[in-house]
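What follows is a short report on a single structure.
The values are calculated or read from the model by the stated rules, or taken from the named source; none is laboratory data. What you see is a predicted model, and the numbers here were worked out from it, not measured in a lab. Cβ sites come from the backbone with ideal geometry, for glycine too, and all protein chains shown count toward neighbours. These area figures cover heavy atoms from the full protein model, side chains too; ligands, DNA and RNA do not enter into them. Shrake-Rupley method; radii C 1.70, N 1.55, O 1.52, S 1.80 Å.
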Amino acid sequence: MARILLTGGAGYIGSHTFVALRDAGHQVMILDNFSNSDPDVVGRLGRLVGEDVTVIEGSVLDADLLAQVFSAEAYDGVVHFAARKAVGESVANPLDYAQTNIGGLTALMQAMKAAGVWRLVFSSTATVYGEPKVFPLTEDMPLSHTSPYAFTKVTCEHILAQAAQADPWQIGVLRYFNPVGAHPSALIGEDPRGIPDNLMPYIAKVAMGELARLTVHGNDYDTPDGTCWRDYIHVMDLARAHVLSMEALLDGRAHVVNIGTGTPVSVLEMHSAYQDVVGRDLPHVIGPRRPGDVPRLYADPARAREVLGFEADFGLSDMCQSSWDWVQAQSAGWRFNR
Ligand SMILES: NC(=O)c1ccc[n+]([C@@H]2O[C@H](COP(=O)([O-])OP(=O)(O)OC[C@H]3O[C@@H](n4cnc5c(N)ncnc54)[C@H](O)[C@@H]3O)[C@@H](O)[C@H]2O)c1
Ligand SMILES: O=c1ccn([C@@H]2O[C@H](COP(=O)(O)OP(=O)(O)O[C@H]3O[C@H](CO)[C@@H](O)[C@H](O)[C@H]3O)[C@@H](O)[C@H]2O)c(=O)[nH]1
């Protein structure tokens, strides 16, 4: 049993990881400023783990708060989710993204260093591979960036590598591919504000009748059906990867790994799989390409298997089913009464 702090633990991936770490027998605390999450998630996490959950409300940019947090409790490690993640918004507000994502990491690491807490799991992304030409993507490929958001994650990875040269850090970098789906209880899931940018939440809103139709962003890419390939990973699998990552660090095994399934899925294949789960046609039209999209992005998952023993359990229909259960539960409003 380890004592673990999750920054951004009230968010989409953090909340699922909280449950997975608790289920694995660890003691877990959350630090979150709720800038992109609903405080109601705290009650729902309490239901899932069967006892009250307390969240330290505040920012990873607050050095005084971080010093208090690390002096109040002897943590064995930290999983750092807290960040801003909207690519388009990062183009409009690059300074905010640098401040939260890079400044948040350095503030956290300074506080951890002062407290002698050296184990850190970091949320990275497939977007650090830039516009790759060779597939599947392996971890030794060069890093680059096509947005301020990606720049912050590439920079964070460099900072982590440099810090590990200077001090006895044990760091796990997880490069997530496309996380989707929700907890089978439908108590926690992804709750995008406004019109979703991402494919599965968008299809879910079409299925709910909240949006009229999916626009497929381009069908003239160099893929079999002309629509972009991505490597979608169930958030339950992703959450489990964090447990394995932290346990590897407790065992002295630092790592940088892709977390994906290794199976590319096109936009039209995703649309079709969601239709199968819902049991009816979901309207879609073909639109122009979305600026900045890369045609293909999928992982070589071999290193995660070798280093962490991680392999995805869930397939595309499980991902769609859990998303569909989640959005229906949200809409029915019975999530608080279960
Ligand atoms: N969801 C994805 O598609 C995806 C893909 C690759 C990487 N990531 C990375 O994974 C991490 C988690 O992503 P997510 O999808 O769960 O995002 P999310 O927005 O749902 O969760 C992030 C959480 O961090 C909190 N937060 C933000 N700024 C904070 C601050 N200054 N101090 C304290 N808390 C703060 C938010 O309130 C939120 O609860 C992020 O670092 C993101 O960049 C996400
Ligand atoms: O309404 C929509 C939304 C998306 N797409 C397409 O669906 C695919 C997937 O798009 P999306 O779900 O937005 O994911 P990505 O653009 O791959 O980006 C996500 O996945 C990356 C990691 O792979 C993260 O870095 C990003 O933050 C995260 O938004 C792309 O081809 C999009 O053009 C559509 O055709 N119509």
Being aliphatic (A, V, I, L, M) and closer than 27 Å to Pro192 by Cβ narrows it down to one residue among Val154, Val69, Val117; which is it? Val154
Against the definition (within 16 Å of Thr7 (Cα to Cα), part of a helix (DSSP H, G or I) and charged (D, E, K, R)), how does Asp96 come out, yes or no? no
Contacts under 7 angstrom Cβ, first residue in region 95-111 being under 18 Å from Ala150 (Cβ atoms) and open to solvent by less than 10 Å² (accessible area, probe 1.4 Å), partner at pLDDT 95 or above and not in a helix (DSSP H, G or I), 6 or more apart: Tyr97/Arg84; Asn101/Ala83; Asn101/Arg84; Gly104/Val60; Gly104/Leu61; Gly104/Ala82; Gly104/Ala83; Leu105/His80
The lone condition Thr127 fails out of (1) in a helix (DSSP H, G or I); (2) more than 16 Å from ligand 2 (Cβ to nearest atom) is (2)
By residue number, the members of region 1-55 that are closer than 16 Å to Met236 by Cα and within 16 Å of ligand 2 (Cβ to nearest atom) are Gly11, Tyr12, Ile13, Gly14
Ala10 being surrounded by 15 or more Cβ atoms within 10 Å (Cβ to Cβ), touching a residue at least 60 places away in the same chain (Cβ under 8 Å) and small (Gly, Ala, Ser): no
Return the only residue of Val173, Val180, Val206 being more than 10 Å from ligand 2 (Cβ to nearest atom), buried (at least 18 other Cβ atoms within 10 Å of the Cβ) and among the hydrophobic types (A, V, I, L, M, F, W, C). Val173
Of the residues Val307, Val294, which is hydrophobic (A, V, I, L, M, F, W, C), under 22 Å from the mean Cα position of the chain (by Cα), in a helix (DSSP H, G or I) and within 26 Å of Ala161 (Cβ to Cβ)? Val307
Scan region 200-225 for residues that are free of Cβ contacts under 8 Å to residues at least 60 places away in the same chain, farther than 30 Å from Thr17 by Cα and in contact with a Leu (Cβ under 8 Å, 6 or more places away or on another chain) and jot them down. Asp225
Considering region 230-244 alone, what residues qualify as being open to solvent by less than 10 Å² (accessible area, probe 1.4 Å) and outside any strand (DSSP E or B)? Asp231, Val235, Asp237, Leu238, Ala239, Ala241, His242
Of everything in region 245-271, what is assigned to a helix (DSSP H, G or I) and either of a type outside the set (A, V, I, L, M, F, W, C) or touching a residue at least 60 places away in the same chain (Cβ under 8 Å) (or both)? Give them in sequence order. Ser245, Met246, Glu247, Ala248, Leu249, Leu250, Val267, Glu269, Met270, His271
Considering only region 46-66, state which residues are touching a residue at least 40 places away in the same chain (Cβ under 8 Å), open to solvent by less than 60 Å² (accessible area, probe 1.4 Å) and away from ligand 1 (no atom under 12 Å from the Cβ). Leu48
Being of a type in the set (A, V, I, L, M, F, W, C), over 21 Å from Gly9 (Cβ atoms) and away from ligand 1 (no atom under 11 Å from the Cβ): is that true of Val134 here? yes
Condition check for Gly218: touching a Ser or Thr at 6+ places or on another chain (Cβ under 6 Å) and either within 15 Å of ligand 1 (Cβ to nearest atom) or closer than 22 Å to Leu268 by Cβ (or both): no
